[in-house]
1. Over all directions, how big on average is the projection of the convex hull of the alpha-carbon atoms in segment B:6-126, in square nanometres?
2. Tell me which trypsin sites (Lys or Arg not before Pro) from segment B:43-95 have a DSSP coil assignment and no more than 14 other beta carbons within 10 Å of their own.
3. Largest first, please: the extent of the C-alpha atoms of chain A along each principal axis, to the nearest Å.
4. At most 15 other Cβ atoms within 10 Å and a DSSP loop assignment: could you name the chymotrypsin sites (Phe, Trp or Tyr not before Pro) in segment B:1-101 that fit?
5. Within segment B:160-242, which GluC sites (Glu not before Pro) sit in a loop by DSSP and count at most 13 neighbouring Cβ atoms inside 10 Å?
6. At 7 Å along Cα-to-Cβ for each site, give me the label-to-label distance between residue B:225 and residue A:91 in nm.
7. 7 Å from Cα along Cα→Cβ at both residue B:124 and residue B:252: what's the point-to-point distance in nm?
8. Using a Förster distance of 51 Å, how high is the FRET efficiency between residue A:112 and residue B:5, based on the Cβ-Cβ distance and rounded to 0.05?
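Every number in this text was worked out from the coordinates using simple rules, so none of it is lab data. This is a predicted model, so every value here is computed, not measured. Every residue, glycine among them, receives a Cβ derived from its backbone with ideal geometry; neighbour counts consider all protein chains shown.
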Amino acid sequence: MDHDSSSNKEIQSLPAAGISETLGLLEVIDDHGGEEKSYSLASELNIETDSLLTTIKAAEMFGFIDTPGRDVILTPIGKQMIETEMNTKKQLLLEQLRKIELFAKVKEALESQEEERLSRDDLLKMIQSWLPNEKAEDQFETLINWGRWGEFLGYSQDDDYVYLDQG
Amino acid sequence: MNEFEKILSVENVGRSFKTKAGNFIALENINLDFFEEEFVAIVGPSGCGKSTLLKIINGMLKPSTGKTSFRGKALGGINLECSMVYQNFGLLPWLSVLENIELGLLSRELSNAQAQKKAAHYIDKVGLDGHEEAYPRELSGGMKQRVGFARALAIEPEILLMDEPFSSLDPLTAINLREEILDIWEDPNLRITTVIMITHQIEEAVEMADRVIVMDGSPGHVVKEVKIPLERPRNRKSKEFDHYVGEIFELIT
């Protein structure tokens with residue numbers, strides 16, 4: 001993947017997968033010796049192919065797996081992710097989140113605000129302009145889920161602000 | 001026979017309920033011992049009295065006959081050294097993650113500051129950092145169950161009781177959380193020593209437990225106890241693993 005950080009670069013949408021599921025997928029691949037065919041995972045786990053592919057996409061976006069052809073292969077960082085303790089897991093996840101364009105855009109947008117925060121509606125409008133073909137609410141939901149996990153973003157429903165998590 | 005100290009015992013326990021159709025016997029003549037540092041799974045078909053047994057163990061329900069004792073002393077009411085994790089999480093939707101976890105501590109005579117400190121510690125242990133202000137509706141099933149775990153752990157009990165804790169989760173999330181619960185149970189810094197888990201999934205029991213208690217119904221009774229002496233982490237693909245799954249499966253059917 002091209003890691004050019006110019007702002008014209010196409011932003012990838014986030015697959016609607018949870019972090020717990022993604023970690024579970026890494027465990028399963030590890031059980032198979034670190035490498036398996038994606039279609040045999042779907043039948044083994046008895047889950048819908050669509051849902052498995054979404055999780056695979058998320059794991060790949062984090063750099064936890066590679067997907068040459070029909071194979072899914074655990075990367076060294078993917079292996080580390082399942083073997084390490086919780087706080088290192090979160091640290092690793094945070095490092096990966098920082099490489100994802102949508103997170104970089106949101107960080108930039110938040111930093112440009114006077115109080116470094118945005119309301120949900122304002123952020124939804126931005127997401128819609130960056131990803132016109134996606135449902136902004138779904139992207140927002142995944143953004144907040146992953147962002148909270150990696151302690152990158154915070155969101156309070158009570159005062160309706162998204163902010164950068166400063167630890 | 002067992003190198004560890006006995007922590008809890010169930011002696012000649014029976015339980016019946018009055019129904020319109022007459023007296024329903026849920027459990028009959030249950031005798032079980034639980035030890036420190038063991039993970040026990042209870043499996044059996046629905047209606048075999050597993051959940052009733054778990055409620056008797058933690059003292060929410062009184063047995064009709066027999067008794068339970070904790071470290072040699074007969075139990076009269078709720079056992080404060082037990083905490084419970086539920087299949088459907090048992091969270092209050094109008095409270096945040098942090099508030100849900102603190103709520104469990106209210107009954108434990110702690111100052112607000114102490115409760116907050118404990119809640120924060122267990123939020124960290126189960127990977128919920130960053131989610132403190134979220135409401136249950138914002139969370140996936142896996143994250144909701146992490147709240148359930150943190151709330152149970154925050155009480156710092158010696159015994160963790162879990163009633164089908166993974167069965168409302170999708171398969172991948174369940175795999176992840178099983179691993180994490182085993183890590184938590186093995187963590188020497190936590191007070192938890194014994195885990196008793198109800199499940200209807202035999203593979204889950206064999207993956208996690210040192211000992212599997214197989215029950216059957218009408219009325220609920222123990223069929224057999226099967227020890228699982230496999231080292232952890234266990235390979236779900238191994239022959240030995242299959243052997244134990246097969247043995248328990250035959251006992252149930």
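1. On the way: hull surface 39.8 nm².
Averaged projected area of segment B:6-126's Cα convex hull equals 10.0 nm².
2. Working: sites: B:50, B:55, B:67, B:71, B:73; in loops: B:71.
Counting only loop positions with at most 14 other Cβ atoms within 10 Å, the trypsin sites (Lys or Arg not before Pro) in segment B:43-95 are B:71.
3. Ordered largest first, chain A gives principal extents of 50, 35, 33 Å.
4. On the way: sites: B:4, B:17, B:24, B:34, B:35, B:39, B:70, B:86, B:89, B:94; in loops: B:4, B:86, B:89, B:94.
Qualifying residues, ordered by number: B:4, B:94.
5. Working: sites: B:179, B:180, B:186, B:203, B:204, B:207, B:225, B:231, B:240; in loops: B:231.
Passing both the DSSP loop test and the Cβ count: B:231.
6. My value for the distance between the label points is 4.3 nm.
7. Each label point lies 7 Å from its Cα, and together they span 3.9 nm.
8. On the way: r = 61 Å, r/R0 = 1.20.
With R0 = 51 Å, the Cβ-Cβ based efficiency is 0.25.
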